[in-house]
Amino acid sequence: MGSRVAAALLRRGRDQASALLMPRLPRSAPAPAQPRVGSTSSYGGGGGGGCLLPPRPGPAGDFYSASRFASFHAFRSLSPKTLFGQCTRKMSTTAATLNSAAANGAANLGLKLLVTKGPQAQKAVGIWLFGCASWVFCLVILGGITRLTRSGLSMTDWKFTGEIPPMSDDAWQLEFEKYKQSPEYKRVNKGMGLEDFKFIYWMEYAHRMWGRALGFIFVGPFAYFIAKGYVTRQLGLRLSTLFALGGAQGLIGWWMVKSGLEEPTSEYVQPRVSPYRLATHLTSAFVIYCGILWTALSVVMPDPPTGSISWVNGAAKIRKLAIPISAVVGITAISGAFVAGNDAGHAYNSFPKMGETWIPEDVFSMEPFIRNFFENTSTVQLNHRILATTTLLSVCGLWLAARKIDMHPAIKSLIGSTLGMAALQVTLGISTLLMYVPTSLGSAHQAGALTLLSLMILLTHTLRRPSPALLKSLATAAKST
């Protein structure tokens, strides 16, 4: 069997060697065939050995193999051990030749890629975008820690280009005197020493500089990839929009901080930033993060995992549920910003009841009525509890529905992971509430919200509709069998 496989691959390698010298295949020519892997999973998991088998006969098999390879060759290139690593070294040269031919065939058959210049370019752009998404993730968590330690109002001015931190005792005293003029010092931190001020100052300074560093991490490689010709017009426009949002995010952050430097309307109210501005700042960060993550996934996975028409139909059914659930997860995360902005986590530190009752009596005490959902401490916390419970039940329902539908095993596994994360996030939220919002649990709860949102983004991206070329190849393959 091994000799027949090797002979078949060598024959196909000789036949396709001349095709690789051409810049583009004729439209009338069939796509070069991609050797089929002995596994049923497009992610490379599950049964089968991983060695190359003879390609499917006929044009349908050739088309299917080329499209399938184009969808996942970037993911395989990110891993040091690929599906082809189990094959003999004598076959490696032929396998590389066929892989390149399959990628070119997929491009000729209408698969639109966000990155040109081949798999290595996709790998480089993908790693860069995932790195940027990770940087934004850390930035959001650092912002949460800054808020939980009440460090956000320690710097009373802002410059778009940034500023050098105090380097001498006189410089520190000058910054401290500025802070002493703020309402937070007068009403909350009166009597604070210089060393305590240095801690909150460094927290806010680190948060600002981490955000500015993101600009350099984004712009430098972006310009390089454009110069190399890797970036398509569609990807360039998308990334330019994300960069503009990132620049606006700095302005939104200062707009938020400025609201906390104003004198409160009542002498009994502690100075704090506007919950509306805090929610705007957090929502903007979530939009930037989700945009970068979605783009990175689109670069390395142009087409979703398919395998068969049955699996595609099953994914379409789950997609109708996953999209609204993703919206619920996002709304729940944004409602958490209003909990933080109103310090609602320090009220009703009991569960499942809110104090002695299920619903506080003052939930609709504000006028006009709509203000209760954004400014009333009781209503804001009740709203967040209801949304969190709805999120958990919705993800649980999605998991139960997925068990009865025939679809790709990797998607089922991803839904199970999402359910586990949703349960953990609810547990973190309850624990944070019962323990009066310690910094460690509060920041973990915020990280959990972003992790759950990431899983929903990944799930929605994996469930999207395949390209028309791939659908056509699957239909042709189904008819031929």
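Over region 389-446, what percent of the accessible surface lies on carbon and sulfur atoms, probe 1.4 Å?
Solvent-exposed carbon and sulfur of region 389-446 make up 68 percent of the total.
Once both labels are modelled 7 Å past Cα along the beta-carbon direction, what's the S266-I127 spacing in nm?
According to this spin-label approximation, the distance is 5.7 nm.
Would you mind giving the average projected area, over all directions, of the Cα convex hull of region 407-468 in nm² with one decimal?
4.5 nm²
Could you state, as a whole-number percent, how many of the C-alpha pairs of region 371-481 are farther apart than 21 Å?
Result: 52 percent of Cα pairs exceed 21 Å.
Give me the accessible area per residue for region 245-295, probe 1.4 Å, as a whole number in Å².
Here the residues of region 245-295 average 49 Å² of exposed surface.
So if each residue of separation counts as 0.36 nm, and I subtract the Cα-Cα distance between T476 and Y276, what length gain in nm does that give?
Length difference between fully extended and current span is 66.6 nm.
What is the calculated FRET efficiency for Q181 to I309, with r their C-beta to C-beta distance and R₀ = 51 Å, to the nearest 0.05?
According to the calculation, E is roughly 0.15.
Run through all the Cα pairs of region 262-359 and give the fraction in each 10 Å bin from 0, expressed as whole percent.
12, 25, 28, 18, 12, 4, 1
Can you give me the accessible area per residue for region 432-481, using a 1.4 Å probe, in Å²?
44 Å²
How much area per residue is accessible in region 335-378 when the probe is 1.4 Å and only protein heavy atoms are counted (Å²)?
Per residue, region 335-378 has 56 Å² of solvent-accessible surface.
As an exercise, use a Förster radius of 35 Å and the Cβ-Cβ distance of D343 and F243 to find the FRET efficiency, rounded to the nearest 0.05.
For R0 = 35 Å, the calculated efficiency reads 0.55.
Determine, from the Cβ-Cβ distance of M192 and T390 and an R0 of 41 Å, the FRET efficiency 1/(1 + (r/R0)^6), rounded to the nearest 0.05.
It comes to 0.50.
Which whole-Hz couplings ³J(HN,Hα) result when phi for each residue of region 125-138 is put into the Karplus expression 6.51 cos²θ - 1.76 cosθ + 1.60, θ = phi - 60°, listed in order with x for Gly and Pro?
So the J values, rounded to whole Hz, are 5, x, 4, 4, 5, 5, x, 5, 4, 5, 5, 5, 4, 5.
Short version: ³J(HN,Hα) in whole Hz for each residue of region 459-471, in order, from phi by Karplus 6.51 cos²θ - 1.76 cosθ + 1.60 (θ = phi - 60°), x for Gly and Pro, what are they?
So the J values, rounded to whole Hz, are 5, 4, 5, 5, 8, 5, 5, x, 5, x, 5, 5, 4.
For Cα pairs less than 8 Å apart in space and 6+ apart in sequence, what is the mean separation divided by the residue count of region 185-289, i.e. the relative contact order in percent?
Worked out over region 185-289, it gives 25 percent.
Could you check the simple spin-label distance between S350 and I370, using points 7 Å along Cα→Cβ, in nm with one decimal?
With each label point 7 Å from Cα toward Cβ, the separation is 3.4 nm.
Roughly speaking, what is the stretch gain from W358 to A227, that is 0.36 nm per residue apart minus the C-alpha to C-alpha distance, in nm to one decimal?
41.1 nm
Specify the inter-centroid distance of region 286-336 and region 179-226, based on alpha-carbon positions, in whole Å.
One Cα centre to the other: 33 Å.
Pairs K404/K472; K317/K472; K159/K186; K180/K258: which exceed 23 Å Cα-Cα?
K404/K472; K159/K186
The values are calculated or read from the model by the stated rules, or taken from the named source; none is laboratory data. Small disclaimer: the values here were computed from a predicted structure and weren't measured. A quick note on method: Cβ atoms are made from the backbone with ideal geometry, for glycine too, and the neighbour counts reach across all protein chains shown. Ligands, DNA and RNA are stripped out before the accessible areas are found, and what is left, the full protein with its side chains, is counted by its heavy atoms. Shrake-Rupley method; radii C 1.70, N 1.55, O 1.52, S 1.80 Å.
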